[in-house]
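A short write-up of the structure that comes next.
The values are calculated or read from the model by the stated rules, or taken from the named source; none is laboratory data. Just so you know, these numbers come straight off a predicted model, no measurement behind them. Every residue, glycine as well, gets a Cβ built from its backbone with ideal geometry; the counts of neighbours run over all protein chains shown.
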Amino acid sequence: MAQRLPPLNSLRAFESAARHLSFTRAAEELYVTQAAVSHQIKTLEEHLGIKLFLRKNRSLLLTEEGQGYFLDIKDVFASLHDATQRLLARGAKGTITVSLPPSFAAQWLVPRIHDFSKLHPDIDVRIKAVDFDEGFLTDDVDVAIYYGRGKWPGLYSEKLHTEFLTPMCSPLLFQNGKPLATLDDLRHHNLLHDNSRQGWKDWIRYFDVKGVNVNHGPIFSHSMLVLQAAAIGQGVALGHSILARPDIAAGRLICPFSEKLVSRNAYYFVCHQTQAELGKIVIFRDWLLSQVVQEQDTYGIE
């Protein structure tokens, strides 16, 4: 009957500890505790019935059997590493499908995607705009941009932006004769709502604005529609800093007040935990983050 192979985790712990001659450094490399490495080595020694390490004068030494075993398996692990890198390199081309909210797609990603295509002509980006994420990725999606708190079970996530909310409107609004010099002046204007009236309610409550009726005003299904309505002078929007930046830069929108409320939610890059190191996904993630850094440097934001 064929001998059962030792547990892979125990072999990984042994190879790392033997290479470093240190359980501590092996634990750092494998992102586990020193006790976990020690436990894996003990499991391997019990499986083999052979002592692999000796502790002497606070140093770690390989036994003669341990040294021979390490020399035999280290090339196997090196070959596994090389094979994995070749696989990931082959994954650095093809099509990548990105699922994200329509407003973020229209206001942020689409204006930039041509630059990605010029940098990475071997990767074709397929943009899939969806109104709501379900907290998991469907089989036809490689990566997504989620709006939330950053906690989605089974998914790797990395924060893109910190977002704040502030009132914004068209310069045209000042031509109707209604004042907009203080926060209380908001009561003279039509408030534009994003999906529900809760955003304005939270903002008014936080800044203790008096006399404003937030239970009136049109409700739009997408943030970009709110911004469009504000840009043509239909009222005051509670704008998302990231999505509104193109309209502010073009002068279509202005922010009449300095008061800003940091949102509890933010935009996150997400993908499957198991695919976080796949070539094309790493390339797209790194490009997204580089765009965020560039934006921070340009506008002085976090």
| remark: Residue count, region 112-137, condition free of Cβ contacts under 8 Å to residues at least 12 places away in the same chain and part of a loop (DSSP other than H, G, I, E, B), comes to 3
| field | Residues of region 6-47 that turn out to be over 15 Å from F77 (Cα atoms) and either modelled with pLDDT under 90 or not in a helix (DSSP H, G or I) (or both), as a count | value | 5
| field | Any chance V141 is outside any helix (DSSP H, G or I) and either of a type in the set (K, R) or under 27 Å from A250 (Cβ atoms) (or both) | value | no
| request: Out of the residues in region 1-41 that are within 17 Å of T63 (Cα to Cα), touching a residue at least 40 places away in the same chain (Cβ under 8 Å) and not basic (K, R), state the one that is surrounded by the most Cβ atoms within 10 Å (Cβ to Cβ). | output: A17
| request: Within region 48-79, count every residue that is part of a helix (DSSP H, G or I) and either of a type in the set (A, V, I, L, M, F, W, C) or touching a Ser or Thr at 6+ places or on another chain (Cβ under 7 Å) (or both). | output: 7
